[in-house]
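Take a look at the structure set out below.
Only the coordinates and a few stated rules stand behind these numbers; no lab work does. Just so it is clear, the model here is predicted, and its values are computed rather than measured. Counting neighbours? That spans all protein chains shown, and the Cβs are built from the backbone with ideal geometry, glycine included.
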Amino acid sequence: LSLEVQKSTAFGHNKWAKAEKAGGDLSKMTDSAQSRRFSLNRSDGPYVYMLLCSDDSFYVGVSNDPDRRLWEHNAGLDERCYTYKRRPVRIVHSSEFDNVLQAIDWEKRLKSWSRAKKSALVNNDWPAIHEIVTAERRRREASSKPRRERCS
């Protein structure tokens, strides 16, 4: 999962792909598009990012450039996207990883978290996350214990 995968992810379905396919001729791109293109080179690894949508829901994704993805979400490039009808969105959390497999693993875990746990992460409230995890564990343990029958 080298630079080729990152390039295909970064330029898969957007208007900057044309410049990349044309041999990297960036002269016809706007200044803001050029800065977004060159910002891809500033990162060593993929990011997991969390967006807060206008309806107060969270969206979690993976990208090698969360700033570009934020722009894409807010631009509404894909009407099938979860965030399309929930714009504007803003980044409330991002984590950088050494490789894409680590990032995907964290993305899957984060997507399964409750809203309360995600909110605690956004607020960097580790004691609240600990309390939530402890309560979740107690509920799991209570539901997995066999009930003793009462003797009359």
statement: HIS130 and SER94 label points (each 7 Å along its Cα→Cβ direction) are spaced in nm at 2.9
query: In nanometres, what is the gap between the two model label sites at VAL122 and ASP55, each 7 Å from Cα along Cα-to-Cβ?
result: 1.5
